[in-house]
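In what follows, a structure is listed as structure tokens, so that the remarks can point back to it.
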Amino acid sequence: MEIKGSETCFPKDINIEEMDPTFLFTWKGTRRKDKEEDSYHSHDFLEMAFILSGVGKYRIEESIYSVSEGDLIIFNPGVRHQALCCPDVELPTTEFFVGFSDIRISGYPANFLPVSGEAYVLHTTGDLRQRLFKICSSMEAEKAACRQGRYFMLKAYLIQMLLFVLREQCEPLEKKSGYAFESANKKYVVEQIVNYFEDHYNEKISLDQIAENMYLSPFYISRIFKSETGDTPIRHLINIRLEKAKELLEGGYEGSIQEIAALVGYDDAYHFSKLFKKRYGISPSRTRPS
């Protein structure tokens, strides 16, 4: 039986006959935007590519597909594909690949993973997207650690990845009029970041650290934060710090400017003073009550 992704009709209920895959490999890398993949090729095993960040294009079975952060591309055995160069993109794709074999789903050939929606490409949102980011991060860490049982741990992550993808396609959420699941999820992520800033503004905070803790990419966090608040995460953090400093100064705190800077997360009092004056039009020392 030959089944191409564009002709797949995904069943509401699936029967997984065998979910004991053979894990083959993982690979993470960033495409050069001026370099095309050398060959238009296919494999005799399954391969999934999760786009961690950026945008790009693939030629798959003679059709061109645009991909971006959060997309999952599924290459079943025999499916010809090639990553294309995209010289005009601002941010090339960073991808996480997983190769495997030995699965069987009732009604499909051995080693075939069906895809609903657009052929070969699953555009993930919400919980599924976050879970895939988390699993890819965990697999990358496990691969780097080289500890006992690494193969079985990677296989366990692969099984989770497959089951989440299958469940999402078998149990679609019914969207009510006026309700956007992705937007609600974005709002939740931004609220978590803002709450973290409020609680930890006096500590050293980096966007990379936040992204790692939330299993999201820094690019994705910056984009959704700005879309929800109109500001970047770092600028929002700076504003919180300066507001806290202003409260201390106007409240009569008698410590030095260096001490106040340290209390709101700055080691450099001069840098703090520059930011403060730029924000409020007056130096910190002149903000104290007379």
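The values are calculated or read from the model by the stated rules, or taken from the named source; none is laboratory data. Bear in mind the structure is a predicted one, so any value in this text is a computation, not a measurement. Glycine gets a Cβ as well: all are built from the backbone with ideal geometry, and neighbour counts include every protein chain shown. Calculation scope for accessible area: heavy atoms of the full protein, side chains included, ligands and nucleic acids excluded. Shrake-Rupley method; radii C 1.70, N 1.55, O 1.52, S 1.80 Å.
Here is a check on your reading of the model: is E254 among the acidic types (D, E) and not in a loop (DSSP other than H, G, I, E, B)? For E254, the condition - among the acidic types (D, E) and not in a loop (DSSP other than H, G, I, E, B) - is not met. Summed over the stretch 186-206, the residues that are open to solvent by less than 40 Å² (accessible area, probe 1.4 Å) and part of a helix (DSSP H, G or I) give a count of 5.
Scanning the stretch 48-83 for residues being open to solvent by 40 Å² or more (accessible area, probe 1.4 Å) and in a strand (DSSP E or B) gives a total of 7.
Here are some residues: G126, G99. Which one is among the small types (G, A, S), touching a Leu at 6+ places or on another chain (Cβ under 9 Å), open to solvent by less than 50 Å² (accessible area, probe 1.4 Å) and over 20 Å from F45 (Cα atoms)?
Working: G99 fails: over 20 Å from F45 (Cα atoms).
Going through G126, G99 in turn, just one is among the small types (G, A, S), touching a Leu at 6+ places or on another chain (Cβ under 9 Å), open to solvent by less than 50 Å² (accessible area, probe 1.4 Å) and over 20 Å from F45 (Cα atoms): G126.
When you look at S227, is it within 26 Å of the chain's Cα centre (by Cα) and among the hydroxyl-bearing types (S, T, Y), yes or no? Yes, satisfied.
Please verify whether I234 is at pLDDT 80 or above, open to solvent by less than 50 Å² (accessible area, probe 1.4 Å) and part of a helix (DSSP H, G or I), treating the condition exactly as stated. Taking the combined requirement at face value, the residue does not satisfy it.
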